[in-house]
Amino acid sequence: MANQHTTNIKNLKRIGETYSFLLPQAQKPLVSIIIPAFNAEKYLVNSTLSAVNQTYKNVEIIIVDNDSADKTAEIAQKLSSIYKNVRLCKEKKKGAGAARNRGVKEARGEFLMFLDADDILLPYAVELQVATALKAGSEMVYGDFGIFKNHKHIEIRKMIDVSNKSLPEKLLIQFQGNAFPIGSILLSKRKFEEVGGFDTDLSQAEDFDLWNRLILSGVKISKSPFPIYLYRLHSDQTTKNFERLSKDADKALMKLWNSINSELPHLIKEDFLVNVIKGCLIRYENIPEVTAELIRRLERLAGSKKQVKLFKKLYLRRYSRKV
């Protein structure tokens, strides 16, 4: 969930020049920035250089070539020969989740960050995230981000702050809009490994699933005050495969529901069910048949049918069709 405004790259870079995130040398843990790359020859240099040119210098950058058919591996190898903190590894199993998991296996850092090969980290990003984590004693830090097609006009998405929310409140906020943009995340490697990393059976929505499991594990979360990265809009993004995204989002949702069904008290389950159905009506607004099927599934899982009936009526009123 986010609100938005527009800015430009100069204004964003100015934040790093005017705001101090300075940390004592003793408090500069190694951060592993993992870049999964599949046929990313057009953007990989820019994304990698945005990680190299951080104000925070104790970073290692791991590019994971995900069995690319273009010059991605060649470019990554060249970058690793120029910059001593850049390394290349390869992962044949397709999918960003598998590539990120492989990167974590290679990582030596106490903290992880995940940067997609077509996105850009802002110069102060790592320093701000580490400072926020250490100040709050947090295992997971996230922040706002920008969306751009060019650097002149950047739409800033401001994410809701969940740091002082209860566990069920975090889950509800997360479901209603995936509250944690993956390029803005700083995450304890220990915590990542504790919950099992990314589910490689999900080719989309794997980040949504991981954040859900982290929330259920009781991870301590903080939000940074400034944008962390820029998300690039272009024609060949994998997230534009909406049919696959919808199916994997459903799988991730069912995993979350099953966890809640077995682990959380009944009142929280019913509350969550109500908000899940609300979220469905928003998430699948243009494909009501998906919403209808999801409502049917949730009804079968629910301990109480009262709220399901209420939202069936809401659904019917909105779409004028039978469920």
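Residues considered: Leu128, Leu79. Of these, the only one that is crowded, with 23+ Cβ neighbours inside 10 Å and in contact (Cβ under 8 Å) with a residue 12 or more places away in the chain is Leu128.
Inspect all residues belonging to the stretch 50-67 and state whether any of them is among the basic types (Lys, Arg) and at pLDDT 95 or above. First the steps, then the outcome.
Let us first name the residues in the stretch 50-67 that are among the basic types (Lys, Arg), namely 57.
After this cut, where a residue has to be at pLDDT 95 or above as well, the list is none.
Among the residues of the stretch 50-67, not one is among the basic types (Lys, Arg) and at pLDDT 95 or above, which makes the answer no.
Could you list, in sequence order, all residues of the stretch 52-75 that are within 24 Å of Gln129 (Cβ to Cβ) and surrounded by 16 or more Cβ atoms within 10 Å (Cβ to Cβ)? Matches in the stretch 52-75: Val52, Gln54, Tyr56, Asn58, Val59, Glu60, Ile61, Ile62, Ile63, Val64.
Quick check: anything in the stretch 24-45 modelled with pLDDT of 90 or more and assigned to a helix (DSSP H, G or I)? Yes - at least one qualifying residue is present in the stretch 24-45. Which of the numbered conditions does Asp199 fail, given that it passes all the others? Conditions: (1) touching a strand residue (DSSP E or B) at 6+ places or on another chain (Cβ under 6 Å); (2) touching a residue at least 60 places away in the same chain (Cβ under 8 Å). Of the numbered conditions (1) touching a strand residue (DSSP E or B) at 6+ places or on another chain (Cβ under 6 Å); (2) touching a residue at least 60 places away in the same chain (Cβ under 8 Å), the odd one out for Asp199 is (1). Out of all the residues in the stretch 101-113, is one or more in the same structural domain as Leu44 (by TED's automatic domain parsing) and touching a Gly at 6+ places or on another chain (Cβ under 7 Å)? Yes, that holds for at least one residue. Out of the stretch 35-62, which residues are touching a Gly at 6+ places or on another chain (Cβ under 9 Å) and farther than 15 Å from Gly109 by Cβ? Listed by number, the residues that qualify are Pro36, Phe38, Thr55. When residues in the stretch 204-232 are screened for being farther than 17 Å from Ile160 by Cβ and of a type in the set (Ser, Thr, Tyr), 3 of them pass.
The values are calculated or read from the model by the stated rules, or taken from the named source; none is laboratory data. Fair warning: this is a prediction, and the values are worked out from it, not measured in the lab. Note: ideal-geometry Cβ built from the backbone for every residue, glycine included; neighbour counts use all protein chains shown.
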